[in-house]
Amino acid sequence: MLAIDGGPKTRTAPFPKRGLFGAEELAVVNGLFAAAVDSGDAIGYNGPEEQAYEREFADFMGGGYADLVNSGTAAVYVALGALQLEPAGEVIVPPITDPGGVMPVALLNQVPVVADAAPGTFNAGAAQIEALLTPWTRAIVVAHIAGEPVDMDPVLELARAHRLPVVEDCAQSHGARYKGRLLGTLGTIAAISTMSGKHHATGPQGGVVYTRDEALYWEAKRFADRGKPFNISAATNVRAGLNLNGNELAAAIGRVQLRKLAGIVARRQKVARQLHDGTLRLQAVRPGRLVAGAEPSYWFLRFQVDTARLTVDKDHFAQAVAAEGIPVGASYRHIPSEAIWFRERRVFPGSDYPWGLPAYPGDREATFPCPNAVAATSVQFMLSIHENWGDAEVADTLAALAKVEQAYLR
């Protein structure tokens with residue numbers, strides 16, 4: 001009998017914790033506080049720890065420039081702000097993403113235009129992006145959801161043809177690669193979340209803006225710190241911006257975490273391979289489709305259910321697997337255009353800006369149903385994994401999937 005029907009669970013022991021922060025992070029934080037107590041100087045920002053983290057992050061990416069900010073949402077906001085896009089335009093955004101990956105577009109007086117997913121995936125495809133391009137398109141934002149790469153070469157070719165910058169949202173894809181190249185190095189500029197749920201973290205919240213374009217880096221750094229005149233001769237702040245800075249504590253934690261990142265990604269990839277191989281014995285469950293050349297870093301795993309082979313729908317199947325003690329989520333339907341703030345245009349109170357900006361010449365009534373994204377989320381569920389999974393966790397997960405599938409096969 002299945003656990004969802006009152007039978008015994010496949011897994012009764014708790015899954016292991018990540019243990020993301022350990023003795024090394026504690027030591028550097030204690031060291032900073034001890035130095036502050038001894039010296040009487042407060043812990044600040046833009047100091048040696050932050051500068052070192054930014055250099056080390058850029059080195060991890062193979063060169064370039066990085067600026068530590070205070071959240072992943074801030075990173076997207078700063079990346080877009082650095083591009084200095086003319087207002088009242090359109091920015092293509094992903095079909096599935098965190099709200100913080102889209103709201104900065106509207107807050108910068110650009111109309112977010114939601115591109116559908118490539119069939120079978122959670123990520124935008126070049127064809128879906130191209131279908132939405134207009135003379136008012138200012139930029140393209142792509143998000144590598146679940147640590148799985150967008151098929152970037154066609155997107156980059158499209159962007160070059162239309163002279164559009166590409167912002168890579170790598171919040172969920174630290175250390176992932178596309179055709180051998182690190183995600184975040186492919187577009188014009190990248191935004192990375194380093195909050196504590198991600199592959200590596202700079203504390204409870206954090207983010208990084210990364211680019212290989214030095215001039216763009218300085219624009220980002222100015223915009224992230226109230227328009228301070230970094231690297232230019234000016235007596236005052238040179239543009240309006242917010243205080244979105246990182247800090248020395250976050251950077252010190254991040255430096256330790258960054259040294260662990262390659263190992264974290266490698267262990268997640270090993271767990272994913274074991275699970276993918278194990279599902280080959282199943283009849284109705286398969287891993288989500290990946291694009292050619294993908295080397296994901298697996299923030300979570302997608303599995304697709306062939307409901308034609310089952311007597312239940314995907315949601316019930318996922319709930320039954322979760323009841324067996326497995327960390328499964330039934331849905332990841334985070335489609336921006338379905339959110340209340342987007343549908344009701346709750347950005348600037350008392351107006352429907354940016355859609356209602358007098359200078360905006362686009363289709364103010366456009367909606368974005370994203371049928372491919374809806375179709376993918378309707379047949380796919382999510383499995384939460386992390387680098388501390390071992391053989392027992394993999395075995396129990398595969399056993400639970402097999403048990404539930406067998407119970408519901410037609």
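What follows draws every value from the coordinates through simple rules; no lab data is involved. Quick caveat, the model's predicted, so the values are computed rather than measured. Please note: Cβ atoms are built from the backbone with ideal geometry, for glycine as well, and neighbour counts cover all protein chains shown.
Cross-link partners of residue 9 among aspartates and glutamates, defined as those whose alpha carbon lies under 17 angstrom from its own and excluding same-chain residues fewer than eight positions apart: 324, 393, 396, 405. As a ratio to 2.2 N^0.38 Å, the alpha-carbon radius of gyration for the chain is 1.03.
The packing ranking of peptides 335-345, 83-93, highest mean first, is 83-93, 335-345, where packing means the average number of other beta carbon atoms within 10 angstrom of each residue. Straight-line cross-link partners of residue 198 among the lysines, defined as a Cα under 28 Å from its Cα and at least 8 positions apart when in the same chain: 17, 179, 221, 260, 270, 314. Considering only 293, 125, 100, the Gaussian network model of the chain with Cα springs below 10 Å gives its largest mean-square fluctuation to 293.
Axis of helix 48-60 versus longest Cα principal axis of the chain: the two differ by about 60°, to the nearest ten degrees. Charged neighbours of residue 30, selected by a Cβ distance under 13 Å, balance to -3 (K, R count +1; D, E count -1).
For the residues 72, 62, 254, a GNM of the chain with alpha-carbon springs under 10 Å puts the largest fluctuation on 62. Between the Cα long axis of helix 314-323 and the first principal axis of the chain there is an angle of about 80°, rounded to the nearest 10.
A Gaussian network model of the chain, with springs between Cα atoms under 10 Å, assigns the largest mean-square fluctuation among 204, 229, 349 to 349.
Relative to the longest principal axis of the Cα atoms of the chain, the long axis of helix 391-408 lies at roughly 60 degrees.
Take each peptide in 162-174, 295-307, 321-333, count the other Cβ atoms within 10 Å of every residue, and average; sorted highest first, the result is 162-174, 295-307, 321-333.
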